[in-house]
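Below is one structure; the comments refer to it alone.
Every number in this text was worked out from the coordinates using simple rules, so none of it is lab data. Keep in mind that this is a model prediction, so the values were computed, not measured. Methodologically, a virtual Cβ is constructed for each residue, glycine included, from the backbone with ideal geometry; neighbour enumeration extends over all protein chains shown.
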Amino acid sequence: MSALLSIQNMTHFFGGLKAVSEFSFDVPEGVIYGLIGPNGSGKTTTFNLITGIYNPTQGTILLDGKDITGQKPYKIVRSGIGRTFQNLRIFSSMSVLDNIRAAKQYRAKSGLLSSVMRLPGFMAEEKRIREESMNLLEVLHLADRADDAARNLPYGDLRRLEIARALATQPRLLLLDEPAAGMNPKEVQDLMKLVQRVRDEFKVTVFLIEHHMKVVMGICERVKVLDFGTTIAEGKPEDVGRDAKVLEAYLGRKGAAC
């Protein structure tokens, strides 16, 4: 499989602290790829470097062979990368539907005059955006909450709404930052099925950070492990789960497999 995302010798400093050190890896197109590691190992920093929140101190980030290193976040979204955040970034006062519509607006073609005058082209585009947004909510099992304020959703639904909003940008690569955080066992099981369904139905490559090892071992086809900004293991989940360096990083000692 060809690499959709390629990171080459990426290093990043925060002052004198090296958060990521000479980090290289490829995410093949069409897979569910996991990035794991103890707290503070550089996982979210890696996502922030990929999505333009930080500029790497050195190294190159390629999306389908195109250099996107240091680009502004909105340009990276347009290039085909969508993401969720470890801490929810939902527009809580807006409706569930409007959260999706807002994400779709960046691809809208109608100008200011067309919008103010409510010209036919604008109205047709708004109708299309609404229909596409409702279809997305159907897939994510949120259509019955479309008119509710986002702040009134239970936590598990908020996580799904954030995934739906990222999908609304029509990404080729979907980055999920700890999507199972705070979920109960039933919600975690539903999430695992959802991520697999999203990959298959939307034809996206999924790259996720996750501490919940049931999720990682259950749906990821390849896993990379970071510790103090450096790769300590990479491979199939079952092989990574038995790796001595991984066990020591997580448990502080050699012990039972993850």
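A few points about this structure:
- Dipole moment magnitude, nearest 20 debye, the chain about Cα centre, only Lys, Arg, Asp, Glu C-beta charged: 460
- In terms of surrounding Cβ atoms within a 10 Å radius of their Cβ, Tyr33, Tyr155, Tyr54 rank from fewest to most as Tyr155, Tyr54, Tyr33.
- Kyte-Doolittle mean at least 1.6 and Cα axial length at least 30 Å: DSSP H helices in the chain: none
- Which of Thr60, Gly34, Asn48, positive extreme of dipole for region 15-72 (C-beta unit charges): Asn48
- Evaluated on the chain, the Kirkwood hydrodynamic radius is 19.3 Å, with distances taken between all distinct Cα atoms.
- Using a cut-off of 26 Å between Cα atoms, the listed pairs Lys193/Lys236; Lys104/Lys236; Lys214/Lys245; Lys186/Lys245; Lys75/Lys104 include Lys104/Lys236; Lys186/Lys245 as exceeding that distance.
- Per-residue Cβ neighbour rank within 10 angstrom, fewest leading, Phe14, Phe91: Phe14, Phe91
- Packing-based exposure ordering (other Cβ within 10 Å, fewest first) of Thr46, Thr51: Thr51, Thr46
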